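> Structure below; questions to follow.
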Amino acid sequence: MSAPDRIAPPPADLGLAELASALTHGTTTSVAAVTEALDRIEASQPTLNAFRVVRRAAALREAAEADARLAAGVRLPLLGVPVAVKDDTDVTGEPTAFGCGGEFARASEDAESVRRLRAAGAVIVGKANTCELGQLPFTSGAAFGHTRNPWDRTRTPGGSSGGSAAAVAAGMVPAALGSDGAGSVRIPAAWTNLVGIKPQRGRISTWPLPEAFHGLTVNGPLARTVADAALLLDVAAGPHEGDLHTPAPIDARAALGRDPGKLRIAVSLAIPFTATKTALDPEIAAAVRAMAGTLRELGHTVTVADLHYGLLIGASFLPRSLSGISKVHRAMPGAVVDPRTTANARIGRLLDGPALFAARRLEPLLHKRIGGFFDDYDLVLAPTTATPPPRAEDIDGIGVGATNNLITGACPYTWPWNVLGWPSVNVPAGFTDDGLPIGAQLMGTADTEPMLISLAAQLESELRWERHRPTPWW
């Protein structure tokens, strides 16, 4: 078929930047793109189950308004483009259940990140599922059931931004916003063949919270390509006047075509200390080593050098995490939650005092100690998870101890960078012999998103992970 006769792909099969361009040039309309996204979402809900809230009427009204603005010559980065946000994020007129059961008041105003998405012209089609209070690398709960992995219906897409990841990987939206308090963007990105950026703390505002989970949790994009993730990051980034953390601005998209230069990269397979038995799956280890080989071929200096995290970083993480769970739980008095959530909230109340104060005081020391590793290296390449995606039902009907063993055994690698507040990018690292996606993370020090994005784009040009799409079963 000659190029002029080529049939344009459906809007939902386009990437974020591609769809924005198609809308600008008039080859599709926002109403068509949003309608197709909504139809795909609603058709998949009984099986894939990616969304907690679907905004059909409101989104179609906003799409029509976007088309009128496009026709009038208005140009914005995402004008008329459908995107999703995670259901820990306020959207005006919608409840924020954060994975819990119960009845919740509708939000009276947008979170700052959503306000910025709307200012760029995006149409929020829905709020994606998350586990209760973002605690697990699974996306499931009694209130909504299991969100499934588009690559294998028996597997979890990860969590806690699993609904956002499933929606993007399944082609319902070209990109989505998630949040990451212990790996909750990077883990589902790894397990669904996506790019997931955990930015520098404060890069994307968490307002109406001055900080989330005592500084552990940040918002970040999920997309099929580095370019789309960078675009969503740029659009969503920026402070609210009430934010506690306001890093200097960056231009993520400008880093895409920039040569990162010859970088010094440490390959570290060492697992941060955990109180439970953990081991790295051999297929993931092999995939990370293969990516290291690709980086050497690209001209970088790649050295096997384990990063030793030490014990203090765990002492800083647990009080902040559990106290954060307790704080959010108290702010949702009508929430119906799992006994494991109740137990974690109870422990968090005990830690919300001297232990939390001491945990926060440790961070500068950790920056200095772990930052010293980067005197010799520009960044670290490490696994994102220790295992491929588990079966979705593995999390069901087990106690607190078994749950901690399960989630720590699968996902011991990501949480230290939440303590440090530094950026990390998950990049797809291929598939297991069973066809399950796995990932690797590029980890830098403060404000290194441009370097990480530039390197991720260089890897993508070699590995072309965006060409791989799951076969629809939903």
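The values are calculated or read from the model by the stated rules, or taken from the named source; none is laboratory data. It should be emphasised that the depicted structure is a prediction, and the values quoted were computed from it without experimental measurement. Backbone-built Cβ (ideal geometry, glycine too); neighbour counts: all protein chains shown. When the accessible area is computed, the model is the full protein with side chains, heavy atoms only, and any ligands, DNA or RNA have been set aside. Shrake-Rupley method; radii C 1.70, N 1.55, O 1.52, S 1.80 Å.
> What net charge is computed for the residues neighbouring TRP151, neighbours being all others with C-beta under 11 Å from the C-beta of TRP151, Lys and Arg scored +1, Asp and Glu -1?
The answer is +2.
> Where the accessible area of the chain is counted over protein heavy atoms with a 1.4 Å probe, how much of it, in %, is carbon and sulfur?
In the chain, the share of accessible area belonging to carbon and sulfur is 56 percent.
> Among rounded, prolate and oblate, which fits the chain when a ≥ b ≥ c are the square roots of the eigenvalues of its C-alpha gyration tensor, a/c under 1.5 means rounded, and a/b larger than b/c means prolate?
Here the chain falls in the rounded category.
> Using a 1.4 angstrom probe on the protein heavy atoms only, line up GLU283, GLU112 by accessible area, largest first.
GLU283, GLU112
> Separate question: I'd like the accessible area for MET291, computed on protein heavy atoms only with a 1.4 Å probe and all protein chains in place. Round to 10 Å², please.
Accessible area, nearest 10 Å²: 10 Å².
> Could you report the accessible area of VAL218 in Å², rounded to 10, computed with a 1.4 Å probe on the protein chains as they sit in the structure?
Near enough 10 Å² of accessible area.
> Let me ask something else. Using only helices, what value at 222 nm comes out for the chain when you add -39,500 (n - 2.57) per DSSP H run of length 4 or more and divide by the total residues, to the nearest 500 deg cm²/dmol?
-11000 deg cm²/dmol
> Roughly how many Å² is the accessible area per residue of the stretch 353-469, as a whole number, for a 1.4 Å probe?
36
> Considering only C-alpha atoms, what is the centroid distance from the stretch 298-355 to the stretch 90-122, in Å?
If you average the Cα positions of each part, the centres end up 24 Å apart.
> How high is the relative contact order of the chain? Use alpha-carbon pairs under 8 Å, at least six apart in sequence, and give a whole percent. Before the final figure, lay out each step's value.
Values: 1114 pairs, mean separation 81.0, N = 474.
17 percent.
> Let me ask something else about it. Order of 416-429, 196-209, 71-84 by packing, highest average Cβ count within 10 Å first?
416-429, 196-209, 71-84
> Which value, in Å to one decimal place, does the Kirkwood hydrodynamic radius take for the stretch 182-275 when every pair of different Cα atoms is included?
Computed over Cα pairs of the stretch 182-275, the Kirkwood hydrodynamic radius comes out at 14.9 Å.
> Another one. So which lysines pass the test for LYS327, namely a Cα distance under 28 Å, with those fewer than 8 places away in the same chain ruled out?
Hits, sequence-local ones excluded: LYS86, LYS127, LYS198.
> State the percent of C-alpha pairs, over all pairs in the stretch 1-107, separated by a distance greater than 22 angstrom.
Here the long-distance tail beyond 22 Å is 41 percent of all Cα pairs in the stretch 1-107.
> Shifting gears a bit: Largest first, what is the accessible-area ranking of PHE273, PHE98 with a 1.4 Å probe?
My answer, sorted largest first, is PHE273, PHE98.
> Sort ARG52, ARG349 by accessible area with a 1.4 Å probe, largest first.
ARG349, ARG52
> Straight-line reach from LYS262: which aspartates and glutamates have a Cα under 18 Å away, not including same-chain ones fewer than 8 places off?
Leaving aside aspartates and glutamates fewer than 8 places away in the same chain, those within reach of LYS262 are GLU297, ASP375, ASP376, ASP378, GLU449, GLU460, GLU462.
> If you count only protein heavy atoms and use a 1.4 Å probe, how large is the accessible surface of HIS308, to the nearest 10 Å²?
It works out to around 130 Å².
> Using a probe radius of 1.4 Å on heavy atoms only, what accessible surface per residue do you get for the stretch 113-186? Whole Å² is fine.
Result: 17 Å² per residue.
> I would also like to ask the following. Can you give the net charge of the other residues whose Cβ lies under 13 Å from the Cβ of GLY99, counting K and R as +1 and D and E as -1?
The answer is 0.
> If you plug each phi of the stretch 424-439 into the Karplus form 6.51 cos²θ - 1.76 cosθ + 1.60 with θ = phi - 60°, what whole-Hz ³J(HN,Hα) values come out, in order, with x for Gly and Pro?
These are the phi-based 3J(HN,Hα) values: 8, 10, 7, 10, x, 10, x, 9, 6, 4, 8, x, 9, x, 9, x Hz.
> While we're here: Roughly how many Å² is the accessible area per residue of the stretch 44-109, as a whole number, for a 1.4 Å probe? Can you show the working numbers first?
Numbers: 2740 Å² over 66 residues.
Heavy-atom SASA per residue in the stretch 44-109 reads 42 Å².
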